[in-house]
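The values are calculated or read from the model by the stated rules, or taken from the named source; none is laboratory data. The structure presented is a predicted model; accordingly, all values stated were derived computationally and were not measured. FYI the Cβ positions are ideal-geometry reconstructions off the backbone, even for glycines, and counts take in every protein chain you see.
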Amino acid sequence: MENTKGKRLTKKDRPNPINEEIIIPDDQVLISVTDPKGIIIEANDIFVQVSGYNEDELIGSSHNIIRHPDMPKIMFKIVWDHIMDKENVMAVVKNLAKDGKYYWVVTDFVTRVDADRNIINYTAYRRPVADKVKQAVIPLYKALCAIEEVAGMDAAERFLNHYFDDRDTNYDDMVEEIIVKNCDKAAVLGFGDNVEGTMKEMSKEKKQSLFNKLFGVK
């Protein structure tokens, strides 16, 4: 599907951010699909509504129009590396709406491939996150943004690698642990108080279904 009515939006069309949050209902899932180059080809109604853009503006435009400047570039590089390798990945993301307001979501990025393992598209499933999840990532994101501003993304990546090494973890385990530890459903799913230990014992297959178990996305 092409954007035939409106112009194709890019990062140059992003609004100036304002310090006002959009609260997303707990039962909503914001879905968008992009082609391999990151151009939006589909968007569900709730994504259109929350983003503030109409469908004609979104379709055919770059997905980075919703990128908030409070998000470190290195986090998107990590996500992009995962999906380019055809690996599902989760991220806690602060997005930017058309009017400059912001909204926080936990996003599950899924790569769709053809029979020859060529990438067809990427789908992002987003759900609102608890304040505890936001507060768990904000200090790290602020530090990474500050490093990027002064020394660039390579420096931020080195900092992040040291951060993981010091904690004997990696990006995927960190995000999964933050989400589970701060999710009210964690106890129901049998994680108990030892979230880190339980996560480390989980198989890759169980981890891949974690988002579905927590948020009901299929």
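Select from region 19-39 the residues that are acidic (Asp, Glu) and farther than 11 Å from Val105 by Cα and write down the one among them that is modelled with the lowest pLDDT.
Once the filter is applied, the top-ranked residue is Asp27.
Can you work out which of the residues in region 153-166 that are surrounded by 12 or more Cβ atoms within 10 Å (Cβ to Cβ) and not hydrophobic (A, V, I, L, M, F, W, C) is farthest from Asp27 (Cα to Cα)?
Arg158
Would you tally the residues in region 76-118 being under 13 Å from Val50 (Cβ atoms), outside any loop (DSSP other than H, G, I, E, B) and more than 11 Å from the chain's Cα centre (by Cα)?
3
Across region 127-141, which residue is surrounded by the most Cβ atoms within 10 Å (Cβ to Cβ) among those that are under 11 Å from Pro72 (Cβ atoms) and touching a residue at least 40 places away in the same chain (Cβ under 8 Å)?
Of everything passing the filter in region 127-141, Val137 is surrounded by the most Cβ atoms within 10 Å (Cβ to Cβ).
Give Ile46, Ile40 a once-over and let me know the one that is assigned to a strand (DSSP E or B), closer than 15 Å to Tyr125 by Cα and within 19 Å of the chain's Cα centre (by Cα).
The conditions single out Ile40.
Yes/no per residue for (1) within 21 Å of Thr10 (Cα to Cα); (2) modelled with pLDDT of 95 or more:
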{"residue": "Ile41", "(1), (2)": "yes, yes"}
{"residue": "Asn64", "(1), (2)": "yes, no"}
{"residue": "Trp80", "(1), (2)": "yes, no"}
{"residue": "Lys86", "(1), (2)": "no, no"}
